[in-house]
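Here's the structure, in structure tokens; my notes come after.
Coordinate-derived values only; no laboratory data. Remember, predicted model here, so these are calculated numbers, not experimental data. Neighbour counts are summed over all protein chains in view; Cβ atoms, including those assigned to glycine, are modelled from backbone coordinates with ideal geometry.
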Amino acid sequence: MPNAVVGSPSLSLQVSALLFLVTIQISIHVYTTVMLYKLMIKDHNWVGVSRRRMVFKPDPGIIFLALTASLDCLRPPSCTEIGTSLCETPSKLQFTILYAGLAIASIGLGGARYIVATMGANQFDKPQDHAIYFNRYFIAAYSSKVISATAIVYIEDNVSWRLGFGLCIAANLAALVILLAGTRLYRHDKPQGSAFIGLVRVVVAAARKRKAMLSSRIEDYHQQEQNDEMIKIEAVTPKQNFRFLNRAALKIEGDIRPDGSIAKPWKLCTIQQVEDLKALIRILPIWSTIIFLATPIGILNNLVILQALTMDRHLGHNFKIPTGSFPVICMISGFIFVSLKDRLLRPTWQKIIHRSPTPLQLVGIGYMLSMISMVVSALVESKRLKITHNVHHQQPMSALWLFPQLILLGIGEAFHSPGQAAFYYQEFPASLKSTSAAMIGMMIGICYYLNTALIDLVRRFTDWLPDNINSGRLDNVYWTLAVLAGINFGYYLLCSIMYKYKDGGGSGSDDN
């Protein structure tokens, strides 16, 4: 949104922007839920024994938002209704309901969206099936983005906000019914308590035993919890990486009761809990690369609208592309390429190297394409500024020149988004797989704040982003983002080369 970068938008613009964003996100959740149910129900390999029931409730946040668009008492009167050029300020109650709706919708989406992703992947056993599933998950996600950013927004702009939110509520209810209809067929894991508390216990136990001497004897380490229902595992010693943490599983006097149970849970952990924490630590460097990827992408999506406002957006004589529709090009290209990836890229890759691409290889390709997109953005903006400053050139540059960078960005997302989801699901400890997909969302959320901070720094210390971008150097901003993306790509290559998969290799499988 242009107002996110230059100037101070009015209250109505702020509210409209927030409602626009939350409508898109809610539509993504609804459409993805419906699409994934259809995809999974066609394959009988995933059907397992249901051990517990999972219930998705309709998001009350969207109901709050629908009420703000429907009830006069929850919204201020329009300027035309009160017959003055000064608009009435919303009351505290109206603000409370609005922001409560936005907050609840965001919280609900943050949980349900990623639970759906990992729940679906849990229905399959083979790594290559996980990769295909995540591709289809993102097909549903991208298509829902396009629908919500076009059809729903068109209804809200040209018919009413009330109808737009009403359709979202109806879709949520339909998705809930469809999801619950297959509850008995889903494969569910038996709840084992909070895995995160177990990880904290490892750190605390290792710190409390920091002076203890490590042992090479298997019997000196606690193998598993005392549980009759637990499958017996082969006794092993902890791995040698991050050896300090091995002390958490080291048994000393007073740690074990006579019946074999742990006497002090915050002083002794199982080897599996120790290895789970080590797995997360190994993933952290690759996880951190998302910050330097998502931040430039978020800034580019905002700045491209500023560029479009100064360019010729006509297609023919009668149609003018709305500025807010340009990010949809990225969504469409991502949707198309994710759809074609399984049919074109994967078979070609297998014919050449006789293995499927690993998640890290797919992510690397996506990172490289995103970096190239930044370079193309800088070149296009340099050309636009030259045309703008040329007094002999009266016709502004065509906005169609923005399409290549957006298409490249969409193709890059088609590689790195499913690749990251598959990688985290594959490499996360079994006790934490349900939260693996949320790693991406968590970092993207952090990047939204970093976007604002980075733009603020640019405006504070340079003159590249004035209120009128024709007087600035937006191309320098893009070059800076391209350099950051290049450094991040190199950092990612280093992390991926040094990374050791927990099964000793990648997830690529032989062609046969």
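Computed values, structure above
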quantity	calculated
Using a Förster distance of 22 Å, the FRET efficiency for Ile387-Leu345 (Cβ separation, nearest 0.05)	0.05
Label-point separation, Ile115 to Met498 (7 Å along Cα→Cβ), nm	3.7 nm
Ordering of 171-178, 418-425, 325-332 by burial proxy (mean other Cβ atoms within 10 Å per residue, highest first)	418-425, 325-332, 171-178
Mean Cβ neighbour count within 10 Å, used as a protection proxy, ranking 291-303, 470-482, 337-349, 205-217 highest first	291-303, 470-482, 337-349, 205-217
Cα-projected label distance for Gln395 with Ser70, points at 7 Å along beta-carbon direction, nm	5.0 nm
Cα centroid of segment 280-337 to Cα centroid of segment 113-134, whole Å	26 Å
Length released on extending from Asp157 to Phe403, taking residue separation times 0.36 nm less the Cα-Cα span	86.1 nm
Spherically averaged projected area in nm², based on the convex hull that wraps the Cα atoms of segment 273-504	15.3 nm²
³J(HN,Hα) computed for each position of segment 348-356 - Karplus, 6.51 cos²θ - 1.76 cosθ + 1.60, integer Hz, glycine/proline x	5, 4, 5, 5, 7, 10, 6, 9, 6
Residue-by-residue Karplus 3J(HN,Hα) for segment 316-323, coefficients 6.51, -1.76, 1.60, Hz, glycine and proline x	x, 8, 10, 10, 10, 5, x, 4
Filter on Lys126/Lys500; Lys145/Lys351; Lys145/Lys500; Lys209/Lys278; Lys351/Lys502; Lys211/Lys251 - keep pairs with C-alpha separation over 24 Å	Lys145/Lys351; Lys145/Lys500; Lys351/Lys502
Overall dimensions of segment 85-150 by Cα: Rg and Dmax, Å	18.8, 64
Calculated FRET value between Ile218 and Ile107, using beta carbons and R₀ = 56 Å, to 0.05	0.80
Mean Cβ neighbour count within 10 Å, used as a protection proxy, ranking 312-323, 131-142 highest first	131-142, 312-323
